[in-house]
Amino acid sequence: MATVTFRDETATGKAVAELAVEGLPDRMSVRELIRLRVREEVARHNDRPGDRFHGLVRPDDAETELNGYRLREPRRIDWERQADIAEQAFLANGYFVLTGDRQIEHLDEQIDLTAEPDLVFIKLVALVGG
């Protein structure tokens, strides 16, 4: 069984957040890994729903803030809806994923978690006026 570490970094390489998940199969697709990450983030939020969500992508009806998203009111989040948003964001280049020394190009690409257990997520920020 493998352990994967999901790490968020800025474009300059500064680590912002990290999440480790144990007990995974040796190989998983990037799609499965993104959905797993989102499910874990949402589960942690839903254990103690608040008005802020710290995760990969913005939930519906939330505002972007520094290092997270502000919900209009404390509520539980649907992890499957959030995972769908994360997949679409990947396809639209809202963030990219690195493993080892390479960028992941496709959601269905298989990752050997015994050889490359760290996934780095870099969110891209839209420029104002651009």
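Residues that are on the phi < 0 side of the Ramachandran plot and free of Cβ contacts under 8 Å to residues at least 24 places away in the same chain: list the strands (runs of 3 or more DSSP E) wholly contained in segment 1-44 that include at least 2 such residues.
The strands (runs of 3 or more DSSP E) meeting that bar are 15-24.
In this structure, does R31 turn out to be closer than 16 Å to V16 by Cα and modelled with pLDDT of 95 or more? For R31, the condition - closer than 16 Å to V16 by Cα and modelled with pLDDT of 95 or more - is not met.
Among strands (runs of 3 or more DSSP E) lying entirely in segment 52-130, which contain 1 or more residues that are among the hydrophobic types (A, V, I, L, M, F, W, C), under 26 Å from G13 (Cβ atoms) and open to solvent by less than 80 Å² (accessible area, probe 1.4 Å)?
95-99, 110-112, 118-123
Inside segment 12-46, residues that are open to solvent by 40 Å² or more (accessible area, probe 1.4 Å) and under 15 Å from the mean Cα position of the chain (by Cα) make up a count of 12.
The values are calculated or read from the model by the stated rules, or taken from the named source; none is laboratory data. Every value quoted in this text rests on a predicted model; they were computed, and no experiment measured them. We place every Cβ from the backbone using ideal geometry, glycine too, and count neighbours over all the protein chains shown. Note: areas computed on protein heavy atoms with side chains; ligands, DNA, RNA excluded. Shrake-Rupley method; radii C 1.70, N 1.55, O 1.52, S 1.80 Å.
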